[in-house]
Structure formats: C-alpha cells, structure tokens
C-alpha cells in the first residue's frame, strides 16, 4: 500500500519520464548503436581489412549509470559506453571518423561535441585511457521520425 502511495506521489511530482520520452530514448540508443556499427565497418574497410574481417568487425554500445539502473528522471542523460575492435584507434578513428559521423547527424543533433583535448581523459582499471565524447542527441529522435 505504501509503495503505491509513494509511486503516485512521484508521478504527481513529475519525477517519472513519460512513455513517449522512454520510446524516444530507446530509438536514440538504437540509432546510436547502428551508427557505431557502420563506423566500425567503415574504419575496418579503410584500414584495408579483407571483406570477411570487415563483415565480422563489430561495435556495441552499453548503457550504465542511472539510466541502466532504471532510476533516471525526465530529461536525464544516458551514460553510454562504446566498445569496438582493437584496430579502432583513439585519435584517428574515435575522435576522427566517429566524431565526424556524429557531427553529420541531421538537425545539429550533436550540439555539444567535445574535442579530444577537453574530454577529461582519465585512467580506468586495466586500461590506459578512456576517450570520451560528450554530445547531445536530443534531435536524433527527430531524425528517426519521433518528436518529444
């Protein structure tokens, strides 16, 4: 009984995202996943890998933080990790080709593309550095035919 009262209070206070916003988030994540897969095929081909290796090359995005835990509110960001193949290089590929592809998303979806020198690259367990691109993909939903 108390749980329902708390949920009603949170809903009345506007602390749950709407069903429509939830759908937009899923569409944006799906589009981002497609984009990184295209990116990996593109850089693999550019590096001269044979077509079988290009076909097998893959990248995947993973969510983490409040979104992954399901405790995010309306308008909250989505922390996303992109994992790609070993031959994807930080400077030329991640901050080069992928950043270029993100910047070409219709309707200026990437309002906030960070450049490599201002990304706050830091160390994480077992990895030398983690490249970070901060971007706003709000308009990406419009490119998929959804509006919020």
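Worth a mention:
- Cα-projected label distance for residue 92 with residue 5, points at 7 Å along beta-carbon direction, nm: 6.4
- Ranked by how many other beta carbons lie within 10 Å on average, peptides 65-73, 34-42 from highest: 34-42, 65-73
- Here the peptides 47-58, 6-17, 82-93 are ranked by packing, the mean other Cβ count within 10 Å, and the order with the highest first is 82-93, 47-58, 6-17.
Every read-out reported here was derived from the displayed coordinates using simple, explicitly stated rules and does not represent laboratory data. Just so it is clear, the structure is predicted and the values come from calculations on it, not from any experiment. Please note: Cβ atoms are built from the backbone with ideal geometry, for glycine as well, and neighbour counts cover all protein chains shown.
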